[in-house]
Amino acid sequence: MKQLSVIAFLCLIIIPFLSLAQGPHKPERLVERGIKGGMNFDNMHGNYWSNTYKTGLNGGVYAGLHEHYLGVQVEALIASASYLTQGNYNGYYDVAQVKNLYLNIPALFEIRLVPNLWLQLGPQYSLLLNSKFSGASSFDHIFNASTFSGVVGLRIPVYRGITMGGRYIFGLTDADGVYSSEAWKQHSMQLFVGFRVM
């Protein structure tokens, strides 16, 4: 089942590139590659979690193809996320902070709304790299190793390859790796700056 999810996600990445590459006309085609970074404001929705957004950081690389009013962009980002617990979860904790490290791979469709404003929509695949619970060295066994999310946001080209933007990321699959009856959904607000290098 996990292999099918990965194959479906790869198809979502590849198909938009093929559709643009085979289009009948080629106005204003632009291939972009660069680096980006920013801040996250993360929250875990579900019982045992505090409804509080905690600050984290993200950074990585991106590649995009834009043609007139449409585009696609794929990113690979390392992101830190913190969640605040509340109550008692199977004897694990009372009130504490969990810090997770993820590899996030969003595959975004882009629509140019006005000359300097792009709407971004698409899925995101997240792989859990590490998890720390208060003083414990590892706590990743309570989280699913991978999750899928939806992404919606805006990107603004500012000046000569510099872009700024923000997005909202909402969990589509359950992050809870212990109890199937208890659904945990990740939510994040993200601000970023990107720099085109090629």
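Things worth noting here:
Listed here are the residues, each with its yes/no results for (1) exposed (fewer than 14 other Cβ atoms within 10 Å of the Cβ); (2) within 30 Å of Gln86 (Cα to Cα).
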position: Leu117; (1), (2): yes, no
position: Gly122; (1), (2): no, no
position: Ser131; (1), (2): no, yes
position: Ala145; (1), (2): yes, yes
position: Phe148; (1), (2): no, yes
position: Arg160; (1), (2): yes, no
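- First in the range 30-48 and under 21 Å from Asn58 (Cα atoms) and among the aromatic types (Phe, Trp, Tyr), second anywhere and crowded, with 18+ Cβ neighbours inside 10 Å and at pLDDT 90 or above, Cβ under 9 Å, 6 or more apart: Phe41/Lys54; Phe41/Gly56; Phe41/Ser188; Phe41/Gln190
- Of residues in the range 162-198 being part of a strand (DSSP E or B) and among the hydroxyl-bearing types (Ser, Thr, Tyr), the one surrounded by the fewest Cβ atoms within 10 Å (Cβ to Cβ): Tyr168
- Ile142, sole failed condition from (1) modelled with pLDDT of 85 or more; (2) touching a Ser or Thr at 6+ places or on another chain (Cβ under 9 Å): (1)
- Answer residue from the range 102-161, given it is in contact with a Gly (Cβ under 6 Å, 6 or more places away or on another chain) and not in a strand (DSSP E or B) and is farthest from Ser188 (Cα to Cα) among those: Ile142
- If you filter the range 27-57 down to residues that are within 10 Å of Ser188 (Cα to Cα) and of a type in the set (Ser, Thr, Tyr), you find that the one that is surrounded by the most Cβ atoms within 10 Å (Cβ to Cβ) is Tyr53.
The values are calculated or read from the model by the stated rules, or taken from the named source; none is laboratory data. Small disclaimer: the values here were computed from a predicted structure and weren't measured. A quick note on method: Cβ atoms are made from the backbone with ideal geometry, for glycine too, and the neighbour counts reach across all protein chains shown.
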